[in-house]
């Protein structure tokens, strides 16, 4: 428990900054919806003439005229990509910062197993990501209330759960990779997110790349599918689970055995 | 007396240069044991192996008569470790760090920690990032001592501490030692080893040079000889570290005293002094060959 509490405290400020920044963008973009409704009709026509772009934004399945369509296509990117950047950096940093900051020598000389350290840090990471999602979810809900639009449940909830799942999966991947490293991994984290995100864009815009959906978690968490069908591809979610578990085991095994850098 | 630390054929290979090879020594219960060597000799590597921060390439370590790999957690419960680099989480306050470390030991150390803070004159409300190296070292001392361990492992503990604090630190260590705790003190400052330790091991370039009582080490058969009235060096084997001046000569002599006196008989000397060399000089000796 000690390390969990310690990590929650250490990450609280950064998490709040990210959550409220993304929440504020969600609010701002959604508050523009009533003013933009008319223009959106024109934009909708425009988008329908640009297949690639509209597919990338999920507008091939969503209608930008509706509040939820507008939310999914305009706000979805901010939440999924912004959240992924935050959680990737969190995951890449939470374990490797001990060696990078030379505090591993202090922490690991206590009577506590390495696996326990990894476990507590993982729990702290999950709690931080969950709180982040909760704040974003609350602010998104608030934005619908403020513009007087009804929220389509359960799709809205399912979408936010998918975001949580996506973000935690990315955090696990970065956590696993960072257990091999002796220094801060911000660049690596940003690189992983960028590659996975653009893989998703490629799938949606380029033909015959459908098979890549097994690679990027951005695919199953896309707003288009979830809001139009009200469902999520459970097989892809299952793959996500396997990937997450794999990286957790990797980090545990690797961290338990590795020589800690001086 | 039991062996608190026992190191058997310990080897750690890193790439080419660093690391240690085939180290063997033991530390008895209740000892103040010095671990001497220049920078890069492998002192920290040995300590990090003892704590399980790194794994040996071969050989074994037993602490409290238990294998250090198999019983790591059990051992660490009874160890107080002070790393050479006193690094903590920069955003935390001193009292938070002390509390964090007590909790990781699962012990209430309030009395001990407040006594230690008082004796070491620590301001517990400051943030770690505001502290100088010396002040961080003090936090390190508190974190290593507050849970009253049976074995203290100190890696170059006095660097950065002012002389008054060094004295306070050694007073604390000696008190704990008197109450039965064992101290393992790594240092390259020989005078402090000579002053406070009973036994010591000397390492150089990853190899053990010698283990002995500090008293024996200080003798080491060598004498510092100062001769007045002549300035040429006597023709003898075992003469080192020569200083020649106008009317005197000074050197370190490693050999039979009779041979020295025999040689000096024919010389017109005014005066001479034969004394025990300082440990620094002996160390240079070990270091040279």
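The values are calculated or read from the model by the stated rules, or taken from the named source; none is laboratory data. It should be emphasised that the depicted structure is a prediction, and the values quoted were computed from it without experimental measurement. Glycine gets a Cβ as well: all are built from the backbone with ideal geometry, and neighbour counts include every protein chain shown.
Only one residue in A:25, A:17, A:3, A:41 is within 14 Å of chain B (Cβ to nearest Cβ) and either within 18 Å of the chain's Cα centre (by Cα) or part of a helix (DSSP H, G or I) (or both). Which one?
Result: A:3 is the single residue among A:25, A:17, A:3, A:41 that is within 14 Å of chain B (Cβ to nearest Cβ) and either within 18 Å of the chain's Cα centre (by Cα) or part of a helix (DSSP H, G or I) (or both).
Please specify each residue of segment B:114-135 satisfying the condition of being within 17 Å of residue B:164 (Cβ to Cβ) and surrounded by 16 or more Cβ atoms within 10 Å (Cβ to Cβ). Residues satisfying the conditions are B:116, B:117, B:119, B:120, B:122, B:135.
Scanning segment B:89-117 for residues that are assigned to a loop (DSSP other than H, G, I, E, B), more than 9 Å from every other protein chain (Cβ to nearest Cβ) and touching a helix residue (DSSP H, G or I) at 6+ places or on another chain (Cβ under 6 Å) yields a single hit, B:109. If you check A:104, A:115, A:100, A:109 for being in contact with a strand residue (DSSP E or B) (Cβ under 8 Å, 6 or more places away or on another chain) and within 14 Å of chain B (Cβ to nearest Cβ), only one passes: A:109. Of all residues in segment B:34-46, those that are in contact (Cβ under 8 Å) with a residue 12 or more places away in the chain and more than 14 Å from every other protein chain (Cβ to nearest Cβ) have Cβ atoms under 7 Å from Cβ atoms of residues that are assigned to a helix (DSSP H, G or I) and surrounded by fewer than 24 Cβ atoms within 10 Å (Cβ to Cβ), 6 or more apart or on another chain, in B:34/B:214; B:35/B:43; B:36/B:190; B:36/B:283; B:37/B:43; B:38/B:287.
Of the helices (runs of 4 or more DSSP H) contained entirely in segment A:68-180, those carrying at least 2 residues that are under 29 Å from residue A:239 (Cβ atoms) and in contact with a helix residue (DSSP H, G or I) (Cβ under 6 Å, 6 or more places away or on another chain) fall at A:76-94, A:114-146, A:155-178. Residue selection: residue A:204 fails the criterion of being touching a residue at least 40 places away in the same chain (Cβ under 8 Å) and loosely packed, with under 14 Cβ neighbours inside 10 Å. Residues in segment B:118-139 that are part of a helix (DSSP H, G or I) and under 19 Å from residue B:89 (Cα atoms): 10 in all. Might you check whether a residue that is at pLDDT below 95, surrounded by fewer than 14 Cβ atoms within 10 Å (Cβ to Cβ), more than 11 Å from every other protein chain (Cβ to nearest Cβ) and under 26 Å from residue B:216 (Cβ atoms) occurs anywhere in segment B:9-18? Yes.
Restricting attention to segment B:49-73, the residues that are within 7 Å of another protein chain (Cβ to nearest Cβ) and not in a loop (DSSP other than H, G, I, E, B) add up to 1.
Considering every residue within segment B:54-72, establish whether at least one is within 22 Å of residue A:6 (Cα to Cα), assigned by TED's automatic domain parsing to the domain that holds residue B:189 and crowded, with 17+ Cβ neighbours inside 10 Å. No. Within segment B:74-86, identify whether any single residue is part of a loop (DSSP other than H, G, I, E, B), more than 9 Å from chain A (Cβ to nearest Cβ), at pLDDT below 95 and touching a strand residue (DSSP E or B) at 6+ places or on another chain (Cβ under 8 Å), and answer yes or no. The answer is no; no qualifying residue exists. On the basis of being surrounded by fewer than 16 Cβ atoms within 10 Å (Cβ to Cβ), within 33 Å of the chain's Cα centre (by Cα) and not in a loop (DSSP other than H, G, I, E, B), does residue B:263 make the cut? Answer is no for this residue. Being part of a helix (DSSP H, G or I) and farther than 30 Å from residue B:87 by Cβ is true of residue A:212.
Yes/no matrix, rows are residues, columns are (1) assigned to a helix (DSSP H, G or I); (2) within 22 Å of residue A:155 (Cβ to Cβ); (3) within 14 Å of chain B (Cβ to nearest Cβ):
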| site | (1), (2), (3) |
| --- | --- |
| A:224 | yes, yes, no |
| A:236 | yes, yes, no |
| A:244 | yes, no, no |
| A:247 | yes, no, no |
| A:252 | yes, no, no |
| A:261 | no, no, yes |
